[in-house]
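Student: Mind having a look at this structure? Questions to follow.
The values are calculated or read from the model by the stated rules, or taken from the named source; none is laboratory data. A quick note: this is a predicted structure, and the numbers were derived from the prediction, not measured. We place every Cβ from the backbone using ideal geometry, glycine too, and count neighbours over all the protein chains shown. Protein only, heavy atoms only, side chains kept; ligands, DNA and RNA dropped before computing areas. Shrake-Rupley method; radii C 1.70, N 1.55, O 1.52, S 1.80 Å.
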Amino acid sequence: MANVTLRNVRKTYTGGFEAIKGVNVDVGDGQFCVLVGPSGCGKSTLLRMVAGLETVTGGEIDIGGRVVNQVEPADRDIAMVFQNYALYPHMSVFNNMAYGLRNRGMKEAEVKTRVEEAARVLELAPMLERKPRQLSGGQRQRVAMGRAIVRQPKVFLFDEPLSNLDAKLRIAMRVEIRKLQRRLNTTSIYVTHDQLEAMTLADILVVMNGGQVEQIGNPLAIYEKPATTFVASFIGAPPMNLMSTRTEEIKSQLGGSAGDAGILGIRPEDFVITDQTPAGGVALPLTVEAIERVGAETFIYGSRAQDEQRVAATPGELPPGEVIVRIPGTEAPAIGQKIRVGAIRSKLHLFSGDGRSRIEA
Ligand SMILES: Nc1ncnc2c1ncn2[C@@H]1O[C@H](COP(=O)(O)OP(=O)(O)O)[C@@H](O)[C@H]1O
Ligand SMILES: [Mg+2]
């Protein structure tokens, strides 16, 4: 068991590209930390530095109170699970899990104890003599995790381990991984680009963008109070609606200093269809452009009458002037209909004009 601390960690690749620009993260003993962000933001680079597979350009990586910058991967007491978890096809499940331990010269009796214990935890015990091709995708992924578990490391590192699985299996495995981590209580760092996976797995969530940390904290706290418009539109699906506060329509409703903030954010689920303007809140007239019924809820895509100026360029952002409203059930207005949607004051998020800071009104 160990905590992992990153202190002002930097990485510049040969050729001069700065992939990690000073990252500080503190993962407590037994905690599950998730690094989330769009493709190319530096998640794998950071994880590989913790693993010792990439050199560290600046700062310190500390595992269990020991700075490991110069320590070989094999001596860091970590185990890594990758997206491509290539098992040895000609070896049984047992031998796949035992391989790394035998390579380290572990006594066969101890190897057997560890593999059987991991197989029990992962519910692979009846399959130990099978070859990988005789397993389902989910079972193979569990064997890959078994290889990490038998090492009894201080820290687990996961790099998008579920990305190759179909949607249904991904959800099942997500739950499995969380249960497993709770049972083993091993400090873990998990990389994903999937915000839902991140929200559901993390004790501490680290939202990354362009080699830097945008926000770090409890996942629900981040959802409720995103620090930047990047985080606001990356965490949550469909994304938060973002609009300028400086149009007459919005400015007059917000009033005072809020009207000068720059950017207003409202989550799709925080709108209701109403003829009234909620006290202190904001109401918008919309023309319904499209409807998506997904069963338990319905997404309404509306356009605002006035031409909205573009306020931010972040992944998952809506086109200017488009507003998504998320309502429970299947009853929805017709396409082309004009509606009014409103949100109460406590559901409004305000950001500076550049989207880099949150403003508490
Ligand atoms: N070996 C390398 N040499 C140069 N640039 C790299 C190398 N590996 C990754 N990068 C760059 O560093 C950035 C971060 O990559 P990566 O950590 O793989 O991102 P992520 O895992 O978040 O998708 C990307 O722009 C990528 O092109
Ligand atoms: Mg990656």
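Student: Add +1 for every Lys or Arg and -1 for every Asp or Glu among the other residues with Cβ under 14 Å from the Cβ of residue 253, and state the total. Working shown, then result.
Tutor: Details: positive: 246, 251, 304, 340, 345, 347; negative: 248, 249, 260.
Here the charged neighbours net out to +3.
Student: I would also like to ask the following. Magnitude of the Cβ-charge dipole of the chain, K/R +1 and D/E -1, about the Cα centre, nearest 20 debye? Walk me through the numbers before you get to the answer.
Tutor: Details: 43 positive and 40 negative charges, 244 e Å.
That gives a dipole near 1160 debye.
Student: Separate question: Compute the separation of the alpha-carbon centres of the range 38-92 and the range 167-218 and state it in Å as a whole number.
Tutor: Cα centroid of the range 38-92 versus Cα centroid of the range 167-218: 16 Å apart.
Student: By how many nm would the segment from residue 354 to residue 292 lengthen if fully extended, with 0.36 nm per residue of separation less the alpha-carbon distance?
Tutor: Working: separation 62, 0.36 × 62 = 22.32 nm, distance 3.15 nm.
Result: 19.2 nm gained on full extension.
Student: Using only Cα atoms, tell me the angle between helix 108-121 and the longest principal axis of the chain; keep it within 0 to 90° and round to the nearest 10.
Tutor: Around 30 degrees separate the two axes.
Student: Of 95, 64, 122, which is farthest along the charge dipole of the chain in the positive direction, counting Lys and Arg as +1 and Asp and Glu as -1 at C-beta?
Tutor: Going by the Cα projections, it comes out as 95.
Student: For the pairs 179/225; 11/43; 21/43, flag any whose C-alpha to C-alpha distance is greater than 18 Å.
Tutor: Working: 179/225 27 Å; 11/43 12 Å; 21/43 12 Å.
Beyond 18 Å between Cα atoms: 179/225.
Student: May I ask you to evaluate 6.51 cos²θ - 1.76 cosθ + 1.60, the Karplus curve with θ = phi - 60°, for each residue of the range 167-180 and list the ³J(HN,Hα) values in order in whole Hz, giving x for glycine and proline?
Tutor: 3, 5, 5, 4, 5, 4, 5, 4, 5, 4, 4, 5, 4, 4
Student: Quick one, what does Rg over Rh come out to for the chain if you take C-alpha atoms and the Kirkwood Rh? Can you show the working numbers first?
Tutor: On the way: Rg = 24.1 Å, Rh = 22.7 Å.
Over the Cα atoms of the chain, Rg/Rh equals 1.06.
Student: Over the chain, calculate the relative contact order: mean separation of alpha carbon pairs under 8 Å at least 6 apart, over the residue count, as a percent. Write out the running numbers ahead of the final one.
Tutor: Working: 765 pairs, mean separation 60.3, N = 361.
Over the chain, the number comes to 17 percent.
Student: Name the GluC sites (Glu not before Pro) in the range 67-125 that are in a loop by DSSP and that have at most 13 other C-beta atoms within 10 Å, would you? Before the final figure, lay out each step's value.
Tutor: On the way: sites: 108, 110, 116, 117, 123; in loops: 123.
In loop regions of the range 67-125 (DSSP not H, G, I, E or B), the sparsely surrounded GluC sites (Glu not before Pro) are 123.
Student: Continuing with the same structure: Treat every Asp and Glu Cβ in the range 237-359 as -1 and every Lys and Arg Cβ as +1, leave all other atoms uncharged, and give the resulting dipole magnitude about the Cα centre to the nearest 20 debye.
Tutor: Working: 13 positive and 15 negative charges, 57 e Å.
So the magnitude is around 280 debye.
Student: Report the equivalent ellipsoid semi-axes for the range 33-143 in whole Å, largest first, defined as the square roots of five times the eigenvalues of the gyration tensor built from alpha carbon atoms.
Tutor: Working: eigenvalues 182, 71, 27 Å².
Square roots of five times the eigenvalues give 30, 19, 12 Å.
Student: Between residue 21 and residue 178, how many nm apart are label points set 7 Å from Cα along the C-beta direction?
Tutor: Between residue 21 and residue 178, the simple spin-label model gives 3.3 nm.
Student: Right, here's the next one. Using protein chains only and a probe of 1.4 angstrom, how many square angstrom of residue 166 are accessible, to the nearest 10?
Tutor: Probe radius 1.4 Å; accessible area of residue 166 about 90 Å².
Student: Further question: Give me the net charge for the shell around residue 162: Cβ to Cβ below 11 angstrom, other residues only, Lys and Arg +1, Asp and Glu -1.
Tutor: Values: positive: 170, 174; negative: 159, 160, 166, 176, 194, 197.
Combined, the nearby Lys, Arg, Asp and Glu give -4.
Student: Looking only at Cα atoms, what is the convex hull volume of the range 237-359 per residue, in Å³? Let's see the in-between values first.
Tutor: Numbers: hull volume 12.3 nm³, N = 123.
In the range 237-359, the Cα convex hull volume per residue is 100 Å³.
Student: For the range 128-136, take each phi angle, set θ = phi - 60°, evaluate the Karplus expression 6.51 cos²θ - 1.76 cosθ + 1.60, and give the result in whole Hz per residue in order, putting x for glycine and proline.
Tutor: Each residue's phi maps through the Karplus curve to give 4, 8, 6, 8, x, 5, 8, 10, 7 Hz.
Student: Putting +1 on Lys and Arg Cβ atoms and -1 on Asp and Glu Cβ atoms, find which of 350, 335, 268 reaches farthest to the positive end of the dipole of the range 237-359.
Tutor: Of the listed residues, the answer is 350.
Student: Further, regarding this structure: Using θ = phi - 60° and the Karplus curve 6.51 cos²θ - 1.76 cosθ + 1.60, what whole-Hz ³J(HN,Hα) does each residue of the range 205-213 get, with Gly and Pro shown as x?
Tutor: Working through the residues one at a time gives 10, 10, 8, 10, 7, x, x, 10, 7 Hz.
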